Amino acid sequence: MDVDAYSYAHRRAWDRLDYLASRRKLSGEEADELVMLYRRTSQQLARLQSHSPDPELIAGLSALLARARGRVLGSKSDAWQEIGRFWTHAFPAALYRSWPWWVSVAAVFLLVSAGLAFWVAEFDSARRVLGIPADTSDITGRGGAFESYYSEHPQGAFAAQVWTNNAWVTAIALFTGVLILPAVYLLFMNALNLGVSAGLMAEAGRLDSFFGFILPHGTLELTAVFVAGGAGLKLGWTLIDPGRLSRVEAVARQGRATATIALGLVGVLLVCGCIEGFVTPSALPAPVRIAIGFTAEALFLVYVFGVGRRVVSEQAERARGVTGEVAPEGPQTTLGIR
(Lines give C-alpha, C1' and ligand atoms only; values in the text may rest on other atoms or scores of the structure.)
Protein backbone atom coordinates (compact mmCIF):
# COMPACT_ATOMS: atom_id res chain seq x y z
CA MET A 1 0.00 0.00 0.00
CA ASP A 2 1.40 3.37 -1.03
CA VAL A 3 0.63 5.37 2.12
CA ASP A 4 1.72 8.68 0.66
CA ALA A 5 -0.53 8.31 -2.39
CA TYR A 6 -3.42 7.13 -0.19
CA SER A 7 -2.94 10.10 2.15
CA TYR A 8 -2.77 12.54 -0.77
CA ALA A 9 -5.93 11.09 -2.35
CA HIS A 10 -7.98 11.56 0.84
CA ARG A 11 -6.38 14.73 2.18
CA ARG A 12 -9.19 17.04 1.07
CA ALA A 13 -11.85 14.87 2.69
CA TRP A 14 -9.89 14.81 5.97
CA ASP A 15 -9.42 18.56 5.87
CA ARG A 16 -13.14 18.97 5.24
CA LEU A 17 -13.96 16.73 8.21
CA ASP A 18 -11.58 18.77 10.37
CA TYR A 19 -13.29 21.97 9.23
CA LEU A 20 -16.80 20.69 9.95
CA ALA A 21 -15.78 19.27 13.33
CA SER A 22 -14.37 22.63 14.39
CA ARG A 23 -17.43 24.72 13.44
CA ARG A 24 -19.79 25.82 16.16
CA LYS A 25 -22.93 25.66 14.07
CA LEU A 26 -23.73 23.33 11.19
CA SER A 27 -26.58 23.37 8.72
CA GLY A 28 -28.57 20.18 8.18
CA GLU A 29 -26.64 19.43 5.01
CA GLU A 30 -23.32 20.02 6.75
CA ALA A 31 -24.34 17.78 9.66
CA ASP A 32 -25.13 14.95 7.23
CA GLU A 33 -21.81 15.51 5.50
CA LEU A 34 -20.03 15.40 8.87
CA VAL A 35 -21.55 12.02 9.70
CA MET A 36 -20.73 10.64 6.25
CA LEU A 37 -17.10 11.83 6.39
CA TYR A 38 -16.75 10.54 9.95
CA ARG A 39 -17.84 7.04 8.92
CA ARG A 40 -15.67 7.05 5.81
CA THR A 41 -12.61 8.29 7.68
CA SER A 42 -13.14 5.65 10.38
CA GLN A 43 -12.99 2.98 7.68
CA GLN A 44 -9.89 4.56 6.19
CA LEU A 45 -8.20 4.66 9.59
CA ALA A 46 -8.93 0.96 10.09
CA ARG A 47 -7.34 0.22 6.72
CA LEU A 48 -4.28 2.32 7.52
CA GLN A 49 -3.86 0.58 10.86
CA SER A 50 -3.62 -2.68 8.96
CA HIS A 51 -1.18 -1.48 6.31
CA SER A 52 0.55 1.75 7.32
CA PRO A 53 3.80 1.89 9.34
CA ASP A 54 3.34 5.64 9.79
CA PRO A 55 2.38 6.27 13.45
CA GLU A 56 2.00 10.02 12.91
CA LEU A 57 -0.64 9.65 10.22
CA ILE A 58 -2.54 7.17 12.38
CA ALA A 59 -2.26 9.42 15.45
CA GLY A 60 -3.42 12.43 13.47
CA LEU A 61 -6.47 10.65 12.06
CA SER A 62 -7.31 9.25 15.50
CA ALA A 63 -7.24 12.77 16.97
CA LEU A 64 -9.38 14.07 14.10
CA LEU A 65 -11.94 11.30 14.58
CA ALA A 66 -12.04 11.99 18.33
CA ARG A 67 -12.99 15.61 17.63
CA ALA A 68 -15.50 14.63 14.98
CA ARG A 69 -17.03 12.00 17.28
CA GLY A 70 -17.80 14.71 19.82
CA ARG A 71 -19.75 16.64 17.20
CA VAL A 72 -21.51 13.56 15.84
CA LEU A 73 -22.60 12.46 19.33
CA GLY A 74 -23.54 16.02 20.28
CA SER A 75 -20.99 16.35 23.09
CA LYS A 76 -18.70 19.30 23.57
CA SER A 77 -15.03 18.74 22.92
CA ASP A 78 -12.82 18.99 25.99
CA ALA A 79 -10.52 21.89 25.15
CA TRP A 80 -8.49 21.32 28.29
CA GLN A 81 -7.91 17.72 27.27
CA GLU A 82 -6.61 18.89 23.90
CA ILE A 83 -4.32 21.42 25.58
CA GLY A 84 -3.07 18.76 27.96
CA ARG A 85 -2.39 16.38 25.10
CA PHE A 86 -0.39 19.07 23.33
CA TRP A 87 1.94 19.49 26.31
CA THR A 88 2.19 15.78 27.11
CA HIS A 89 2.42 14.38 23.58
CA ALA A 90 2.64 16.76 20.61
CA PHE A 91 5.22 19.27 21.82
CA PRO A 92 7.70 16.91 23.55
CA ALA A 93 7.57 14.49 20.61
CA ALA A 94 8.28 17.28 18.12
CA LEU A 95 11.20 18.45 20.28
CA TYR A 96 12.62 14.95 20.53
CA ARG A 97 12.38 14.28 16.80
CA SER A 98 14.32 17.45 16.03
CA TRP A 99 16.96 17.13 18.77
CA PRO A 100 19.92 16.28 16.48
CA TRP A 101 19.36 19.59 14.71
CA TRP A 102 19.10 21.86 17.72
CA VAL A 103 21.86 20.10 19.65
CA SER A 104 24.12 20.65 16.62
CA VAL A 105 23.09 24.31 16.52
CA ALA A 106 23.89 24.59 20.23
CA ALA A 107 27.36 23.09 19.79
CA VAL A 108 28.29 25.40 16.89
CA PHE A 109 26.77 28.45 18.61
CA LEU A 110 28.68 27.92 21.85
CA LEU A 111 31.95 27.23 20.03
CA VAL A 112 31.58 30.44 18.01
CA SER A 113 30.67 32.44 21.14
CA ALA A 114 33.62 31.02 23.08
CA GLY A 115 36.00 31.77 20.21
CA LEU A 116 34.75 35.34 19.91
CA ALA A 117 34.99 35.83 23.69
CA PHE A 118 38.62 34.67 23.67
CA TRP A 119 39.41 36.93 20.71
CA VAL A 120 37.86 39.99 22.35
CA ALA A 121 39.51 39.31 25.71
CA GLU A 122 43.01 38.55 24.42
CA PHE A 123 43.56 40.52 21.21
CA ASP A 124 43.33 44.26 20.58
CA SER A 125 42.54 43.57 16.93
CA ALA A 126 39.07 42.47 18.00
CA ARG A 127 38.20 45.99 19.16
CA ARG A 128 39.31 47.49 15.86
CA VAL A 129 37.47 44.94 13.72
CA LEU A 130 34.28 45.01 15.78
CA GLY A 131 34.33 48.75 16.48
CA ILE A 132 34.47 48.36 20.26
CA PRO A 133 35.52 51.52 22.16
CA ALA A 134 38.84 51.46 23.99
CA ASP A 135 37.17 52.22 27.33
CA THR A 136 34.19 49.99 28.17
CA SER A 137 34.19 50.45 31.92
CA ASP A 138 30.74 51.99 31.73
CA ILE A 139 29.54 48.58 30.53
CA THR A 140 31.68 46.16 32.51
CA GLY A 141 32.16 48.07 35.78
CA ARG A 142 30.17 47.37 38.92
CA GLY A 143 26.70 48.79 38.43
CA GLY A 144 27.53 49.34 34.76
CA ALA A 145 25.25 48.84 31.78
CA PHE A 146 25.66 45.04 31.80
CA GLU A 147 24.39 44.70 35.36
CA SER A 148 21.91 47.58 35.43
CA TYR A 149 20.14 46.23 32.35
CA TYR A 150 18.44 43.63 34.52
CA SER A 151 17.19 46.04 37.19
CA GLU A 152 16.52 49.37 35.50
CA HIS A 153 12.86 48.53 34.79
CA PRO A 154 10.05 47.22 37.04
CA GLN A 155 10.27 43.46 37.26
CA GLY A 156 6.85 42.69 35.80
CA ALA A 157 7.27 45.03 32.87
CA PHE A 158 10.80 43.78 32.26
CA ALA A 159 9.64 40.14 32.26
CA ALA A 160 6.93 40.97 29.71
CA GLN A 161 9.42 42.87 27.55
CA VAL A 162 11.92 40.01 27.66
CA TRP A 163 9.21 37.48 26.79
CA THR A 164 8.07 39.52 23.80
CA ASN A 165 11.61 40.09 22.53
CA ASN A 166 12.64 36.45 22.91
CA ALA A 167 9.44 35.24 21.26
CA TRP A 168 10.18 37.53 18.31
CA VAL A 169 13.76 36.25 17.98
CA THR A 170 12.75 32.59 18.12
CA ALA A 171 9.90 33.16 15.67
CA ILE A 172 12.33 34.69 13.18
CA ALA A 173 14.77 31.82 13.67
CA LEU A 174 11.98 29.29 13.17
CA PHE A 175 10.26 30.67 10.13
CA THR A 176 13.25 32.11 8.26
CA GLY A 177 14.89 28.71 8.58
CA VAL A 178 13.19 27.67 5.37
CA LEU A 179 15.57 30.11 3.63
CA ILE A 180 18.49 28.85 5.78
CA LEU A 181 20.80 31.89 5.42
CA PRO A 182 18.62 34.37 7.38
CA ALA A 183 18.37 31.92 10.27
CA VAL A 184 22.14 31.31 10.20
CA TYR A 185 22.74 35.08 10.22
CA LEU A 186 20.39 35.59 13.18
CA LEU A 187 22.09 32.82 15.15
CA PHE A 188 25.53 34.24 14.36
CA MET A 189 24.54 37.73 15.52
CA ASN A 190 23.27 36.31 18.81
CA ALA A 191 26.52 34.34 19.19
CA LEU A 192 28.45 37.52 18.45
CA ASN A 193 26.58 39.53 21.09
CA LEU A 194 27.10 36.83 23.69
CA GLY A 195 30.77 36.37 22.78
CA VAL A 196 31.57 40.10 22.85
CA SER A 197 29.85 40.54 26.22
CA ALA A 198 31.72 37.57 27.68
CA GLY A 199 35.02 38.78 26.24
CA LEU A 200 34.65 42.30 27.64
CA MET A 201 33.65 41.01 31.07
CA ALA A 202 36.58 38.54 31.01
CA GLU A 203 39.00 41.31 30.10
CA ALA A 204 37.67 43.35 33.04
CA GLY A 205 38.12 40.38 35.38
CA ARG A 206 34.38 40.16 35.97
CA LEU A 207 33.40 36.76 34.57
CA ASP A 208 31.82 35.95 37.93
CA SER A 209 29.33 38.75 37.37
CA PHE A 210 28.83 37.72 33.74
CA PHE A 211 27.90 34.15 34.61
CA GLY A 212 25.95 35.27 37.67
CA PHE A 213 23.63 37.34 35.50
CA ILE A 214 23.58 35.22 32.33
CA LEU A 215 23.23 31.65 33.58
CA PRO A 216 20.00 31.95 35.64
CA HIS A 217 17.83 32.76 32.64
CA GLY A 218 20.26 32.34 29.74
CA THR A 219 20.63 28.58 30.01
CA LEU A 220 17.00 27.86 29.16
CA GLU A 221 16.63 30.96 26.99
CA LEU A 222 19.53 29.97 24.75
CA THR A 223 18.20 26.43 24.57
CA ALA A 224 14.92 27.84 23.24
CA VAL A 225 16.88 29.79 20.61
CA PHE A 226 18.80 26.62 19.69
CA VAL A 227 15.54 24.68 19.34
CA ALA A 228 14.06 27.43 17.17
CA GLY A 229 17.16 27.61 14.99
CA GLY A 230 17.44 23.83 14.67
CA ALA A 231 13.77 23.38 13.80
CA GLY A 232 13.93 26.24 11.30
CA LEU A 233 17.02 24.83 9.59
CA LYS A 234 15.45 21.38 9.50
CA LEU A 235 12.47 22.91 7.70
CA GLY A 236 14.81 24.56 5.21
CA TRP A 237 16.74 21.33 4.64
CA THR A 238 13.48 19.47 4.05
CA LEU A 239 12.86 21.81 1.13
CA ILE A 240 16.24 20.79 -0.30
CA ASP A 241 16.02 17.08 0.52
CA PRO A 242 12.39 15.95 0.97
CA GLY A 243 13.33 12.28 1.29
CA ARG A 244 10.79 9.70 0.18
CA LEU A 245 7.93 12.23 0.11
CA SER A 246 7.15 14.79 -2.53
CA ARG A 247 8.67 18.19 -1.78
CA VAL A 248 5.27 19.78 -1.09
CA GLU A 249 4.17 16.96 1.20
CA ALA A 250 7.50 16.85 3.06
CA VAL A 251 7.60 20.62 3.64
CA ALA A 252 3.95 20.66 4.71
CA ARG A 253 4.53 17.88 7.22
CA GLN A 254 7.69 19.44 8.62
CA GLY A 255 5.96 22.81 8.65
CA ARG A 256 3.30 21.41 10.95
CA ALA A 257 6.02 20.09 13.27
CA THR A 258 7.69 23.50 13.20
CA ALA A 259 4.39 25.19 14.07
CA THR A 260 3.99 22.79 17.01
CA ILE A 261 7.45 23.73 18.28
CA ALA A 262 6.73 27.43 17.77
CA LEU A 263 3.58 27.24 19.87
CA GLY A 264 5.28 25.27 22.62
CA LEU A 265 8.25 27.61 22.78
CA VAL A 266 5.87 30.43 23.73
CA GLY A 267 5.41 28.65 27.06
CA VAL A 268 9.13 27.94 27.45
CA LEU A 269 9.97 31.58 26.81
CA LEU A 270 7.36 32.67 29.33
CA VAL A 271 9.31 30.72 31.95
CA CYS A 272 12.55 32.34 30.73
CA GLY A 273 10.99 35.79 30.95
CA CYS A 274 9.84 35.18 34.52
CA ILE A 275 13.30 33.97 35.55
CA GLU A 276 15.01 36.93 33.86
CA GLY A 277 12.52 39.41 35.29
CA PHE A 278 12.29 38.12 38.86
CA VAL A 279 15.25 35.81 39.58
CA THR A 280 18.23 37.25 37.66
CA PRO A 281 18.04 40.78 39.20
CA SER A 282 17.01 39.53 42.64
CA ALA A 283 19.08 39.80 45.80
CA LEU A 284 19.51 36.02 45.95
CA PRO A 285 23.13 34.81 46.05
CA ALA A 286 24.54 34.06 42.61
CA PRO A 287 24.84 30.28 43.27
CA VAL A 288 21.14 30.15 44.16
CA ARG A 289 20.13 32.08 41.05
CA ILE A 290 22.31 29.88 38.87
CA ALA A 291 20.89 26.76 40.52
CA ILE A 292 17.36 27.93 39.64
CA GLY A 293 18.42 28.39 36.02
CA PHE A 294 20.08 24.98 35.88
CA THR A 295 17.01 23.37 37.44
CA ALA A 296 14.78 24.88 34.76
CA GLU A 297 17.16 23.63 32.06
CA ALA A 298 17.31 20.15 33.61
CA LEU A 299 13.52 19.94 33.72
CA PHE A 300 13.35 20.94 30.06
CA LEU A 301 15.86 18.26 29.04
CA VAL A 302 14.00 15.63 31.06
CA TYR A 303 10.82 16.77 29.33
CA VAL A 304 12.42 16.31 25.89
CA PHE A 305 14.48 13.17 26.39
CA GLY A 306 12.17 11.57 28.91
CA VAL A 307 8.60 12.44 27.95
CA GLY A 308 9.34 13.12 24.29
CA ARG A 309 11.33 9.96 23.78
CA ARG A 310 8.65 7.88 25.50
CA VAL A 311 5.89 9.32 23.30
CA VAL A 312 7.87 8.67 20.11
CA SER A 313 8.74 5.14 21.26
CA GLU A 314 5.10 4.38 22.08
CA GLN A 315 4.00 5.55 18.64
CA ALA A 316 6.67 3.40 16.97
CA GLU A 317 5.68 0.39 19.09
CA ARG A 318 2.02 0.79 18.14
CA ALA A 319 2.99 0.90 14.48
CA ARG A 320 5.19 -2.17 14.80
CA GLY A 321 2.46 -3.98 16.68
CA VAL A 322 0.02 -3.38 13.83
CA THR A 323 2.29 -3.90 10.84
CA GLY A 324 5.30 -5.79 12.15
CA GLU A 325 7.48 -3.08 10.59
CA VAL A 326 9.62 -0.28 11.97
CA ALA A 327 8.24 3.22 11.55
CA PRO A 328 10.24 5.12 8.93
CA GLU A 329 12.33 8.14 9.71
CA GLY A 330 11.37 11.44 8.15
CA PRO A 331 9.87 14.85 8.83
CA GLN A 332 6.85 14.09 10.97
CA THR A 333 4.63 15.72 13.54
CA THR A 334 2.56 14.36 16.36
CA LEU A 335 -0.33 16.42 15.09
CA GLY A 336 -0.48 14.16 12.05
CA ILE A 337 -2.73 15.72 9.45
CA ARG A 338 -3.43 18.92 11.39
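The values are calculated or read from the model by the stated rules, or taken from the named source; none is laboratory data. None of these values were measured; they are calculated from a predicted model. Note: ideal-geometry Cβ built from the backbone for every residue, glycine included; neighbour counts use all protein chains shown. Ligands, DNA and RNA are stripped out before the accessible areas are found, and what is left, the full protein with its side chains, is counted by its heavy atoms. Shrake-Rupley method; radii C 1.70, N 1.55, O 1.52, S 1.80 Å.
General remarks:
- Degrees, to the nearest 10: 309-323 long Cα axis against longest axis of the chain: 20
- Additional length obtainable on full extension of the chain from Asp241 to Arg24, 0.36 nm per residue less Cα span: 74.1 nm
- Toward the positive end of the charge dipole of the range 142-298, with +1 on the Cβ of Lys and Arg and -1 on the Cβ of Asp and Glu, the farthest Cα among Gly293, Pro242, Val169 is that of Pro242.
- Taking the chain as a Gaussian network of alpha-carbon nodes connected by springs under 10 Å, the highest mean-square fluctuation of the residues Gly293, Gly306, Gly218 belongs to Gly306.
- Placing +1 on the Cβ of every Lys and Arg and -1 on the Cβ of every Asp and Glu, with nothing else charged, gives the chain a dipole about its Cα centre of roughly 1240 debye.
- For the range 42-174, the fraction of alpha-carbon pairs in successive 10 Å shells from zero, as %: 9, 18, 25, 19, 12, 11, 6, 0
- Relative to one another, the C-alpha centroids of the range 86-112 and the range 1-32 are positioned 32 Å apart.
- Whole-percent carbon and sulfur share, accessible surface of the chain, 1.4 Å: 63
- For the range 264-298, the residues whose backbone nitrogen is under 18 Å from a point 7 Å from the Cα of Leu110, taken along Cα to Cβ, are 290-298.
- In the full protein context, the range 64-218 carries 54 Å² of accessible surface per residue, based on a 1.4 Å probe and ignoring ligands, DNA and RNA.
- Among Glu29, Glu122, the order of accessible area from largest down is Glu29, Glu122, computed with a 1.4 Å probe on protein heavy atoms.
- Per-peptide packing, taken as the mean over residues of other Cβ atoms within 10 Å, places 33-40, 170-177 in the sequence 170-177, 33-40 from highest down.
- Between helix 286-302 and the chain: long-axis angle, C-alpha atoms, 0 to 90°, nearest 10: 20
- Computed Rg/Rh of the range 179-230, alpha carbon atoms with Kirkwood Rh: 1.06
- Projected onto their three principal axes, the Cα atoms of the chain cover extents of 74, 39, 33 Å, largest first.
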